[in-house]
Amino acid sequence: MQNICLECIGDEPLHEIVAVASSKIECDYCGKHTHGISLQHLAEIVDSPLRKFCKLSDYFYPQLDLAVPMNYEKGFLLVELLQNELKIGIEPAKELAKRLIASNSTDPDDKYLSFYYNHRYYHRSHITSSEYMENWYNFSEGIKHKRRFFDDEAKKQLMGIIGTPDDTKKLPSIELGPGTKIDTVYRARKAVSEDKAREIQLNLSTGLGPPPRTKSIAGRMNPTGIAVFYGALSEDTAIAEVRPFVGSLVVVGCFQITQQLRLLDLSQIGTGITGSIFHADYKKQAGRQSFLQSFHTLIARPIQPHEEQLEYLPTQAVAEYVANVLKFDGILYASAQVGAVPDEHLDLLPYNNAKIASRDEMGQYNVVLFGEMMPTQNNITGDAQSKISNTASESFTSLALQNGSVKTVKVKGIKYNYEFTCIPKDKYFNAEFLSGVEDRPD
Ligand SMILES: [Zn+2]
């Protein structure tokens, strides 16, 4: 009989479950005499969560690789899956795989078939955010048609969807500001003429607040009563975000973040944040992540001219909740303009080895910062800035325009980013191709 000790099981929630059932053993993998469990017993413990939260990949015919959709998830071989999910070495994973295969456990998707094979591929099941989406729908409808403002009932609904202040530790966050890898943000403005560019160039630091009410176009995330600053993490993204046409002028400037800020980080959605399938809370966490993924796509989408102000109310309420209740200083999200928004329907990457974006890749992200405005002090020096007008104005407390960073650029061209997408010539194409059936249903 083979045994494995607690120290050789890396997954923490599983570690805790095994600890309860453990006894003194000699570990076959590290040789220690310590607390552990037989591999047979471990197989019995992990069998149910594996079948519940993982599934056999449709990737079955490697020779048909070209026929599969772009976002096809191939997954991992059983031994790899066990290494990843249990965080165990390859040797115990191989032994465990043998025992699971011998168990003849059935596939929950097809009760006549076994679930465990050596040469098939597996991935995590997509935990649908249906419960969250339903709550979101009710919330959105309520706020658009019944309430029109953010009350306690709406707050309670959002607690269920996004989480309570106690849950904030479970939400992905990122620190910005002095001493962090992101201490600057960029902001751009379109200019219709050289005169207009000159004007913006001299007033960029003061032109941060919401535009005058008459010209105001509501932002997706302008919570009432809170000053917001929309910025990008690179000059390129800031320019792309104002969607200039070829030949137009854009004024862009760089702001130093002067205080530590903590942002809800939607860039991390899908990078290992869903955690262990052996955790009692896994399903809830994964559902919430799945909701945040949809929310990310929603807020990153460029505002369409036909959209009504009403459409912004739900996301504005979320922003207000994230700012006032969860106490985040802002939200970091991908720029749709530079193609950084992940595909909404891609499964979440469950493993911790999923990569965290580098500073360069972060350049494709935007931030919305919540904060306070303060009257502008004319203490900015430098040639361009010395001409800043003395009109009463306000600027964002946590940002300072960098001396000499404001410039005007002329857009020379726009680079489109696209991918191959397969539109079958008729809807039976794929099924026919995969099954090899010649006859086409009428
Ligand atoms: Zn061991």
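The values are calculated or read from the model by the stated rules, or taken from the named source; none is laboratory data. Because the structure is predicted, anything quoted here is derived from the model rather than measured. Heads up, the Cβs are rebuilt from the backbone with ideal geometry, glycines too, and the neighbour counts pull from every protein chain shown.
Here are the numbers for this structure:
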{"read-out": "Selection from the stretch 25-45 of residues that are of a type in the set (A, V, I, L, M, F, W, C) and either part of a loop (DSSP other than H, G, I, E, B) or not assigned by TED's automatic domain parsing to the domain that holds residue 86 (or both)", "value": "27, 30"}
{"read-out": "Residue tally, condition within 11 Å of the ligand (Cβ to nearest atom) and in contact with a strand residue (DSSP E or B) (Cβ under 6 Å, 6 or more places away or on another chain), over the stretch 30-40", "value": "4"}
{"read-out": "Residue in the stretch 346-361 that is of a type outside the set (A, V, I, L, M, F, W, C) and modelled with pLDDT of 85 or more present", "value": "no"}
{"read-out": "Residues within the stretch 41-81 that are hydrophobic (A, V, I, L, M, F, W, C) and at pLDDT 75 or above, tallied", "value": "13"}
{"read-out": "Breaking point among (1) assigned to a loop (DSSP other than H, G, I, E, B); (2) within 25 Å of residue 295 (Cβ to Cβ); (3) modelled with pLDDT of 80 or more; (4) not aliphatic (A, V, I, L, M), for residue 333", "value": "(1)"}
{"read-out": "Selection count where residues are within 32 Å of the chain's Cα centre (by Cα) and polar (S, T, N, Q), scope the stretch 81-125", "value": "3"}
{"read-out": "Within the stretch 1-24, considering residues that are under 29 Å from the mean Cα position of the chain (by Cα) and outside any helix (DSSP H, G or I), the one farthest from the ligand (Cβ to nearest atom)", "value": "11"}
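Yes/no matrix, rows are residues, columns are (1) touching a His at 6+ places or on another chain (Cβ under 8 Å); (2) assigned to a loop (DSSP other than H, G, I, E, B); (3) modelled with pLDDT under 50:
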{"residue": "392", "(1), (2), (3)": "no, yes, yes"}
{"residue": "395", "(1), (2), (3)": "no, no, no"}
{"residue": "400", "(1), (2), (3)": "no, no, no"}
{"residue": "405", "(1), (2), (3)": "no, yes, no"}
{"residue": "409", "(1), (2), (3)": "no, no, no"}
{"residue": "417", "(1), (2), (3)": "no, yes, no"}
{"residue": "422", "(1), (2), (3)": "no, yes, no"}
{"residue": "430", "(1), (2), (3)": "no, no, no"}
{"residue": "442", "(1), (2), (3)": "no, yes, yes"}
